[in-house]
Amino acid sequence: MTMVSPPQISCSALFLADHASVESGKLYVNGGYWNRLQFPSFPTYYTFSVAAVLLVPWHDHKQHEFSIHFTTADGKRVGGELSGNFSAGTLPGAKEGDPSVFPIAATIGNFLLERSGDYEVVIEVDGQALDRWSFGVSQQLSAFGHVAPVDASSIPPAK
């Protein structure tokens, strides 16, 4: 089976995961493809991974720049930016027209979520947005209403 090479670089997958990594050209994912998080209070920090798969046309062997960033629902950038360079060659045994599959995985450590709301992760190649993944963050409520943070120093020691 031959994949049809896209006329330009495209993103065939972009999503968030609990953990993702790339080994030997393969994307490994645990707890992937989620779009909703809940926390007892804000602000909070969260560690997760971004996973993406780019398809590079078989004839494209140029150097490219990619970046991944996050925005709020109103378009404000949050959490910094990941960036890098890549070039793809034709793999041995590839047929004419076979695209190169370029997986990307990055761990985002201690991402600050200041408040509940909607967010997006955006991947760009050579300054052009290729894909977006939306995710929502909300406050977790208990059966009794709002869950207030607890000051551990106010809890008496166990006897």
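The values are calculated or read from the model by the stated rules, or taken from the named source; none is laboratory data. For clarity, every value in this text was computed on a predicted model and none was experimentally measured. When we count neighbours, we look across all protein chains shown, and the Cβ atoms used for this are built from the backbone with ideal geometry, even at glycine. Ligands, DNA and RNA are stripped out before the accessible areas are found, and what is left, the full protein with its side chains, is counted by its heavy atoms. Shrake-Rupley method; radii C 1.70, N 1.55, O 1.52, S 1.80 Å.
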*Identify, please: which residue in the stretch 1-34 is surrounded by fewer than 12 Cβ atoms within 10 Å (Cβ to Cβ) and in contact (Cβ under 8 Å) with a residue 12 or more places away in the chain and is, among those, farthest from residue 53 (Cα to Cα)?*
2
*Subset of the stretch 41-63 that is of a type outside the set (A, V, I, L, M) and touching a Leu at 6+ places or on another chain (Cβ under 9 Å) - its residue that is nearest to residue 130 (Cα to Cα)*: 49
*Taking the stretch 46-98, which residues are over 17 Å from residue 127 (Cα atoms) and among the aromatic types (Phe, Trp, Tyr)?*
46, 48, 58
*Tell me, please, whether a residue that is surrounded by 16 or more Cβ atoms within 10 Å (Cβ to Cβ), in a strand (DSSP E or B) and modelled with pLDDT of 95 or more can be found in the stretch 138-153.*
no
*Name the pairs: first residue in the stretch 91-118 and closer than 12 Å to residue 50 by Cβ, second residue among the charged types (D, E, K, R) and loosely packed, with under 12 Cβ neighbours inside 10 Å, Cβ to Cβ under 8 Å, at least 6 apart or on different chains?*
103/26
_Show the residue pairs meeting these rules: Cβ distance below 6 Å; 6+ apart or different chains; first residue within the stretch 121-138 and farther than 20 Å from residue 107 by Cβ; second residue open to solvent by 70 Å² or more (accessible area, probe 1.4 Å) and basic (Lys, Arg)._
136/36
